[in-house]
Amino acid sequence: METLQNGVMQILVQAVLSVLGIVCTYLITMLVSYLTKKKEALIKQIGSDQYNIIYNTAKSIFYAVEQQYKLIPAAGDDKKKLFNEMLLKRIPGLKEEDLDHFREAVVGEINMQLKQSDLLTPAPTFDPNIDEADVKIKEL
């Protein structure tokens, strides 16, 4: 009976994870579409060369901020504040909506790269009937 319950639980967990994966894929697709449209509007406003300069600057600042906060959990607001300060220091005159756009665009690009790399997909579960353990425990 316990084996049946474990099997049913495993199927339910896989179903829930599959649905979550589909929802995440849809949300990421919608976010990328939104960011693309916003990017095109901003490029028209400031010109593509200037946009690329600001975007690449924002990207390097984003990586610097991420490196600084890599071991600090739940520091989103602090990272956002530091990112905005550093970008404004390098490129004065940006509006709050421009800062938000460049931060979201960089995060969107990184999330898309992570999604395409399958780096965050869960590892297959260990099945002792099929797999062999890396470490063998010696019986005393």
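If you line up the long axis of helix 48-68 against the longest principal axis of the chain, both from Cα atoms, how many degrees apart are they, to the nearest 10? In the chain, helix 48-68 runs at an angle near 50 degrees to the longest axis. Whenever you get a sec, compute what percent of the accessible area on region 1-53 sits on carbon and sulfur atoms (1.4 Å probe). Answer for region 1-53: carbon and sulfur cover 69 percent of the accessible area. When each of the peptides 22-32, 112-122, 84-94 is scored by the mean number of other C-beta atoms lying within 10 Å of its residues, the order from highest to lowest reads 84-94, 22-32, 112-122. Length available on full extension from Gln45 to Ile110: 0.36 nm per residue minus the Cα-Cα distance, which gives 21.0 nm.
Taken over the chain, the alpha-carbon convex hull comes to 183 cubic angstrom per residue. For the residue pairs Lys59/Lys80; Lys44/Lys115; Lys37/Lys59; Lys39/Lys59, alpha carbon separations beyond 22 Å are given by Lys44/Lys115. Taking Cα atoms only, the orientation of helix 2-46 departs from the longest principal axis of the chain by about 10 degrees. Placing unit charges on the Cβ atoms only, positive for Lys and Arg and negative for Asp and Glu, gives the chain a dipole magnitude near 700 debye about its Cα centre. With all protein chains kept in place, the per residue accessible area of the chain amounts to 79 square angstrom at a probe of 1.4 angstrom.
The values are calculated or read from the model by the stated rules, or taken from the named source; none is laboratory data. What you see is a predicted model, and the numbers here were worked out from it, not measured in a lab. Every residue, glycine as well, gets a Cβ built from its backbone with ideal geometry; the counts of neighbours run over all protein chains shown. When the accessible area is computed, the model is the full protein with side chains, heavy atoms only, and any ligands, DNA or RNA have been set aside. Shrake-Rupley method; radii C 1.70, N 1.55, O 1.52, S 1.80 Å.
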